[in-house]
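Here's the structure we're looking at; comments come further down.
Taken together, the values in this text are just the output of simple stated rules run on the coordinates, not laboratory data. Computed from a prediction, not measured in an experiment: that's the story for all the values here. Glycine also receives a Cβ, built like all others from the backbone with ideal geometry; neighbour counts cover every protein chain displayed.
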Amino acid sequence: MPTALATPEPSATPAGVTPTPSATPDTSAAPSDPSATVSPEPANDPDDGVATDPSLPEPSAEPGSEVATAPMTLTSWGTTDSAFEAAAVIDGVVDEGTCTMTLTRRDVTRAVSGPSARSATSSSCAQGLSIPLEDLTSGGWSLAVRFASDSITGVTATQEVRVP
């Protein structure tokens, strides 16, 4: 035979106790004039039981002025019979942009740029990143690859390399 389940009744307020709300809205600060200026956001008071998130920055009026940065990794570098070449990847960024390989030795800088290539999960830099050996002196150079698009920039850590 099935049994019925009883739903407990909410407990009554004990005699002599008056419930009070935990927070009451403050309407005295509300402007009566709709053209009145808005006051700054209140600071987060951990004792009031209400979390206040900080404002997000307003987008810049100039496109491209707030560009995110992403970490890049050099994936290969070295010399062929006629050139020094490098490649890099930006994991998690799928964007079209320009890649620039820079080799620096003392006060000499050689740079070359090429387009990035997108895959399903990353952007890579390799196409066009080749400097003829005749433009480089043999010895140690500092290598870095940069990526730039309208919304993302990145640069690899500098790698010390040898040119034969």
Checklist outcome for this item: Lys and Arg at +1, Asp and Glu at -1: neighbours of residue 102 with Cβ under 9 Å from its Cβ sum to +2
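Taking each pair of different alpha-carbon atoms in segment 101-148 once, compute 1/r for the pair, average those values, and report the inverse of that mean as the Kirkwood hydrodynamic radius in Å to one decimal. Walk me through the numbers before you get to the answer.
On the way: mean 1/r = 0.0835 Å⁻¹.
Evaluated on segment 101-148, it is 12.0 Å.
Under 14 Å from the Cβ of residue 74, count the other residues' Cβ atoms, weight Lys and Arg +1, Asp and Glu -1, and hand me the total.
Values: positive: 146; negative: 85, 91, 160.
Counting the neighbours of residue 74, the net charge comes to -2.
Compare the peptides 144-151, 83-90 by average per-residue count of other Cβ atoms within 10 angstrom and give them in order, highest first. Mind dumping the intermediate values first?
Details: 144-151: 19.0, 83-90: 22.2.
Taking the mean over residues of other Cβ atoms within 10 Å, the ranking is 83-90, 144-151.
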Next on the checklist: How far apart, in nanometres, would the label points at residue 104 and residue 130 be if each is projected 7 angstrom from Cα along the Cα-to-Cβ direction?
Outcome noted: 2.6 nm
Item to check | Two-site FRET efficiency, residue 142 against residue 113, from Cβ-Cβ distance with R₀ of 22 Å, rounded to 0.05 | outcome: 0.80
